[in-house]
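Encoded as structure tokens, the structure appears first; notes follow it.
The values are calculated or read from the model by the stated rules, or taken from the named source; none is laboratory data. The structure displayed is predicted, hence computed values, not measured ones. Ideal geometry is used to build each Cβ from the backbone, glycine not excepted, and the neighbour counts take in all protein chains shown.
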Ligand code: ASC
């Protein structure tokens, strides 16, 4: 393909459309930041309730853990769409945007761990729940260590 003015125009239009698609989900960066923080807050709240059971601070109740794990599992895939291009800020470190593959791999670890926690919750096996809680918490911490402002 010859790189002429027409090619340049096509590339320019295509990039604008792609950027537009990425940002279209949120009216402005602040909305994306609020969205991702909200999803992470909900996830953290419900994960902490399971954490309290795993630590023995709260008596084990299968239904409660199942409800909390289902919420964690549903939330686990949501925050990431709020980290699109041009949404730097909040508690997020710039490395999220400069090392996108590494960030993506951290997201996938959490998503997999949350699915495991959800399965453990349904099994009703407290020992399995404790293990899955530790595994999930490790993915929360790993991501915070690498990508969250201290
Ligand atoms: C929580 C919560 C987190 C994680 C993390 C695990 O309950 O809000 O962000 O656990 O502290 O290490």
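At a glance:
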read-out: Candidate set: segment 136-150, residues that are surrounded by fewer than 17 Cβ atoms within 10 Å (Cβ to Cβ) and within 26 Å of residue 59 (Cβ to Cβ); chosen: the one nearest to the ligand (Cβ to nearest atom); value: 141
read-out: Residues of segment 72-95 satisfying the condition of being out of contact with any strand residue (DSSP E or B) (no Cβ under 9 Å at 6 or more places or on another chain), in a helix (DSSP H, G or I) and buried (at least 19 other Cβ atoms within 10 Å of the Cβ); value: 72, 73, 75, 79, 82
read-out: Every pair of residues 6+ apart whose Cβ atoms lie under 7 Å, when the first sits in segment 116-138 and is at negative phi and in a helix (DSSP H, G or I) while the second is surrounded by fewer than 15 Cβ atoms within 10 Å (Cβ to Cβ) and at pLDDT below 95; value: none
read-out: Long-range neighbours under 9 Å by Cβ, at least six apart or interchain, first residue within 9 Å of residue 78 (Cβ to Cβ) within segment 32-45, second more than 8 Å from the ligand (Cβ to nearest atom) and at pLDDT below 95; value: 35/25
read-out: Enumeration of residues in segment 27-50 that are within 19 Å of residue 131 (Cβ to Cβ) and either out of contact with any helix residue (DSSP H, G or I) (no Cβ under 6 Å at 6 or more places or on another chain) or at pLDDT below 95 (or both); value: 48
read-out: Conditions (1) more than 12 Å from the ligand (Cβ to nearest atom); (2) more than 18 Å from residue 77 (Cβ to Cβ); number of the one not met by residue 101; value: (2)
read-out: Members of segment 35-63 that are buried (at least 16 other Cβ atoms within 10 Å of the Cβ) and more than 13 Å from the ligand (Cβ to nearest atom); value: 35, 36
read-out: Complete set of residues in segment 112-130 that are exposed (fewer than 15 other Cβ atoms within 10 Å of the Cβ) and either closer than 23 Å to residue 37 by Cβ or within 16 Å of the ligand (Cβ to nearest atom) (or both); value: 112
